[in-house]
1. Could you tell me which trypsin sites (Lys or Arg not before Pro) in the range 319-357 are loop residues by DSSP with no more than 12 other beta carbons within 10 angstrom of their beta carbon?
2. Using 0.36 nm per residue of separation minus the Cα-Cα distance, give me the extension gain between Glu276 and His323 in nm, one decimal.
3. Restricting to the chain, what percent of DSSP beta bridges are antiparallel, rounded to 5?
4. Calculate the dipole size of the range 231-377 relative to its Cα centre from +1 charges on Lys and Arg beta carbons and -1 charges on Asp and Glu beta carbons; express the result in debye to the nearest 20.
5. Along the charge dipole of the chain, which of Gly104, Val164, Ile191 sits closest to the positive end, that is, farthest toward it, with unit charges on the beta carbon of Lys, Arg, Asp and Glu (+1, +1, -1, -1)?
6. Taking the Kirkwood radius as the inverse of the mean 1/r across Cα pairs, report the Rg/Rh of the range 9-375.
7. Please enumerate, by chain and number, the lysines with C-alpha under 28 Å from the C-alpha of Lys152, excluding those fewer than 8 residues away in the same chain.
8. Measure out, as a whole number of angstrom, how far apart the alpha-carbon centroids of the range 73-141 and the range 297-322 sit.
Amino acid sequence: MTTFMPHPIIPIIDRRDHVVLAEEASLATPDGRLRDVLDRPLHDLRISVTDRCNFRCTYCMPKDVFDRDHPYVPHRNLLTFEEIARVTRAFVAHGVVKIRLTGGEPLLRKDLERLVAMLAGIELPPGPASASGRKPDLTLTTNGSLLRLKAKALKAAGLERVTVSLDALDDRRFRAMNDVDFPVADVLDGIDAAADAGLGPIKINMVVKRGVNDDQIEPMAERFRGSGHILRFIEYMDVGASNRWKLDEVVPSAEVVRRLNALHPVEPLSANYAGEVAERWRYTDGHGEVGVISSVTQAFCGSCSRARLSPEGSLYTCLFGNHGTDLRSLLRAGASERQLATAIAGVWSLRSDRYSELRGVRRVAVDRRVEMSYIGG
Ligand code: SAM
Ligand code: SF4
Ligand code: SF4
């Protein structure tokens with residue numbers, strides 16, 4: 001059995017215009033990347049810009065919990081765009097090459113394109129490049145309701161791609177799942193607007209819940225087959241403390257793939273990069289790609305390389321965490337770049353989370369778990 005040792009804290013230092021990783025040999029890992037206790041590199045940063053949403057998806061923000069009395073984050077406690085950009089620079093200096101904006105509904109945050117422009121200006125330090133070259137990949141996950149309004153401005157500000165969540169094509173079903181009676185036609189129109197603005201290839205995320213929308217697997221597959229968009233089926237997860245998750249409501253990805261294959265034959269594709277969460281498949285007749293995300297039936301903690309920043313500036317290292325590390329206090333107390341970076345490195349280098357792998361083996365207290373609408377998925 002391998003014994004993992006935590007790596008020492010790796011500070012970063014300012015050098016002229018660039019923030020670069022310290023090169024002291026004793027502190028650097030072989031590839032110059034920050035690694036956790038289980039040897040997982042830091043690769044992605046997910047930034048939740050708000051915990052508010054205009055939908056009440058029953059598996060994420062059930063209405064009876066997320067009502068008027070819910071303690072949403074007050075505006076003064078949200079990180080400002082300048083603070084988010086500063087923290088992001090520190091993460092990029094530590095090896096992050098992929099940034100995703102999320103929420104709540106990120107497009108509800110006023111002037112989000114201003115934040116996009118600030119993040120799009122960040123350059124990678126010398127070392128490994130991202131899929132977009134010398135800048136981190138910059139993407140956004142949205143429910144699509146405001147895309148028609150925002151797509152062009154987001155693209156102009158430097159956003160590269162979007163992922164749109166869509167759980168059903170059937171209008172009645174979709175309205176019931178978002179629980180605010182939002183029509184499916186408007187989300188489909190938002191997807192078209194994003195495609196026209198050049199925010200592709202667009203990924204479409206469908207959370208599959210047995211007995212609720214599993215009959216939509218085939219219609220969704222037919223709708224997006226050959227469209228250039230990549231449909232991904234997500235196993236319904238026991239995230240948060242309010243969705244009353246039950247294992248028998250999960251539709252295993254293996255079943256989804258069997259059903260897709262019966263519709264039109266599919267074959268597996270290799271991952272785009274180590275640690276990619278979606279398992280990729282292609283239609284053998286060349287009509288595009290689909291994916292499955294098997295967070296429940298095939299946990300992928302072993303390659304989990306994502307850090308998550310909450311709207312209030314707390315750093316979480318697992319979707320199923322129940323506490324984050326407060327970076328906002330550091331920022332507002334005037335911490336230097338080096339202090340900020342040292343705090344991030346300290347958290348990541350001590351990280352040992354692997355909730356999904358332990359699910360079923362060890363009971364984890366549910367009541368204080370962070371909500372998906374707060375941390376953003
Ligand atoms: N509001 C945006 C949206 O819906 O795309 C961004 C935030 S949402 C929390 C991010 C993703 O988490 C969405 O694709 C949503 O479907 C997914 N999600 C939320 N609750 C989930 C659950 N219990 N299991 C699996 N995925 C979930
Ligand atoms: Fe809102 Fe997204 Fe959660 Fe639905 S999944 S309630 S759109 S945050
Ligand atoms: Fe990563 Fe935690 Fe999910 Fe495992 S359970 S894949 S560690 S976020």
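1. On the way: sites: Arg328, Arg332, Arg338, Arg351, Arg354; in loops: Arg351, Arg354.
Qualifying residues, ordered by number: none.
2. Working: separation 47, 0.36 × 47 = 16.92 nm, distance 2.50 nm.
Fully extending the segment from Glu276 to His323 adds 14.4 nm.
3. Details: 18 of 48 bridges.
Antiparallel bridges make up about 40 percent of those DSSP assigns within the chain.
4. Numbers: 19 positive and 17 negative charges, 86 e Å.
It comes to approximately 420 debye.
5. Going by the Cα projections, it comes out as Gly104.
6. Working: Rg = 20.1 Å, Rh = 21.2 Å.
With Rh from the inverse mean 1/r over Cα pairs, Rg/Rh is 0.95.
7. Within the straight-line cut-off, Lys152 pairs with Lys98, Lys110, Lys135, Lys203.
8. Cα centroid to Cα centroid, the span is 16 Å.
Taken together, the values in this text are just the output of simple stated rules run on the coordinates, not laboratory data. Since the structure is predicted, the reported quantities are computational estimates derived from the model, not experimental observations. For neighbour counting, all protein chains shown are included, and Cβ atoms are generated from backbone atoms with ideal geometry for every residue, glycine included.
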